[in-house]
Amino acid sequence: MFDEIQFEKIARLPKYVFAAVNDLKMGERHAGKDIIDLSMGNPDGDTPQHIVDKLIDSIKKSKTHRYSSSQGITKLRVAICDWYKRKYNVDLDPNTEAVVTMGSKEGFANLVQAITNRGDSAIVPDPCYPIHSQAFLLAGGNVHGIKLELNEDYTLNEDVFLANIEQVFRESTPAPKFVVVNFPNNPTTATVGLGFYKKLVDLAKKERFYIISDIAYAEIAFDGYKTPSILEIEGAKDVAVETYTLSKTYNMAGWRVGFVVGNPKLVSALKKIKSWLDYGMFTPIQVAATIALNGDQTCVREISDTYEKRRDALIESFGNAGWEIYKPRASMFVWAKIPEKFRDLGSLEFSKKLLLEANVAVSPGIGFGVYGDDSVRIALIENEKRIRQAAKNIKTFLKK
Ligand SMILES: Cc1ncc(COP(=O)(O)O)c(C=O)c1O
């Protein structure tokens, strides 16, 4: 019916690659197989008790049951700015430079919706967390994908990255308006030092673009690595916003709490579009999120330590099984080159094979971009025992 009526935005969105592995995974589970699921970045731990208790306290107060505030309650915006001051010594105005979002994915997508004119373009690394590019397509914009080149130690190859941006500017009319960065990176786990952001901010001022920096994995960092914030750079607020989430840091993925801070023009655009789209997150969740940021941070260390132990177990046991993988410095993933003898298969076929023959689910790199196709992303979301079991299965699989 109505074949002449086309939904162009939806048609422009590519098929969700991960669905292929997901469907296969569900099928195998239904058939009774014990699948070790290392595919999604969905934290498996409990939200710390003091945060849950605060939610329960707050929900008992009937005045919290009404519509909340779309930009976030004042106390939470103040807590966000205090967190930035404590962690990064960055000053932010809770009224003009911070907005609460229903998870950082929603915040990112609505921000892009608010600031993208039809035909505008953005530079987005490839591979990337899929919404980083798809949000621009949904908003009627275009994407210049630039290959994310890593050094041998899985730090970003800054020179190549910045040179790629400059090349896009030399070759594109109209010039792109936005550059997206995400370090620690999903899916590659790549990290950067503060010096990179200084160069990026300088370039943004020279070429006249806004930067959206996503630091979702800032607190999942190992071996003494400390994730920098772009807002630590003097004058960064002129050109940059940063997005963050409580999903990973506090095991609160289902709660949907994130925020966007920094450049007041971008923050105000996001606030305005959100004021039309939503009435804000349920107040008790915002109250509990305030406690998460303001309260004892021991739980953050514990959550990060859990991922670190799993990382160590995985690198060691997969290595013994014959699959050498680089040990990442941050995030809840490892980014693994497909073993040589299977590389020609590509990441989707390899992931399917791994699922069917080793009972291990991973995410195919192609789902994050064409340059991801020689790798798979393995999420550290099962305990050490299960990770070691996965390694055993893989050892048998590789020997076949
Ligand atoms: C880089 C990155 N940003 C944002 C998100 C989404 O986080 P949230 O749960 O806040 O929407 C994820 C989730 O996997 C992510 O990997």
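Suppose the filter is over 26 Å from Phe178 (Cα atoms), outside the structural domain of Gly372 (by TED's automatic domain parsing), touching a residue at least 40 places away in the same chain (Cβ under 8 Å) and buried (at least 16 other Cβ atoms within 10 Å of the Cβ); does Thr64 pass it? Yes: the conditions hold for Thr64. What about Lys265, is it assigned to a helix (DSSP H, G or I), surrounded by fewer than 17 Cβ atoms within 10 Å (Cβ to Cβ), out of contact with any Gly (no Cβ under 6 Å at 6 or more places or on another chain) and without any contact (Cβ under 8 Å) to a residue 24 or more places away in the chain? Yes.
Meeting the requirement of 2 or more residues that are over 30 Å from Gly367 (Cα atoms) and more than 16 Å from the ligand (Cβ to nearest atom), the helices (runs of 4 or more DSSP H) wholly within the range 27-121 are 49-59, 74-88.
Residue by residue, here is whether (1) under 24 Å from the mean Cα position of the chain (by Cα); (2) closer than 23 Å to Tyr129 by Cβ; (3) modelled with pLDDT of 95 or more; (4) of a type in the set (A, V, I, L, M, F, W, C) holds:
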site	(1), (2), (3), (4)
Phe350	yes, yes, yes, yes
Gly365	yes, yes, yes, no
Phe368	yes, yes, yes, yes
Gly372	yes, yes, yes, no
Ile378	yes, yes, yes, yes
Glu384	yes, no, yes, no
Phe397	no, no, yes, yes
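Within the range 322-335, being within 23 Å of the chain's Cα centre (by Cα) and either surrounded by 20 or more Cβ atoms within 10 Å (Cβ to Cβ) or part of a helix (DSSP H, G or I) (or both) holds for Pro328, Ala330, Ser331, Met332, Phe333, Val334, Trp335. Do the conditions hold for Gly280, that is, is it in the same structural domain as Ala98 (by TED's automatic domain parsing), within 18 Å of Leu55 (Cβ to Cβ), small (Gly, Ala, Ser) and part of a loop (DSSP other than H, G, I, E, B)? Considered against the rule, which asks whether it is in the same structural domain as Ala98 (by TED's automatic domain parsing), within 18 Å of Leu55 (Cβ to Cβ), small (Gly, Ala, Ser) and part of a loop (DSSP other than H, G, I, E, B), Gly280 comes out as yes.
The values are calculated or read from the model by the stated rules, or taken from the named source; none is laboratory data. Remember, it's a predicted structure, so these values are computed and weren't measured experimentally. No Cβ is skipped: glycine too gets one built from the backbone with ideal geometry, and neighbour counts run over all protein chains shown.
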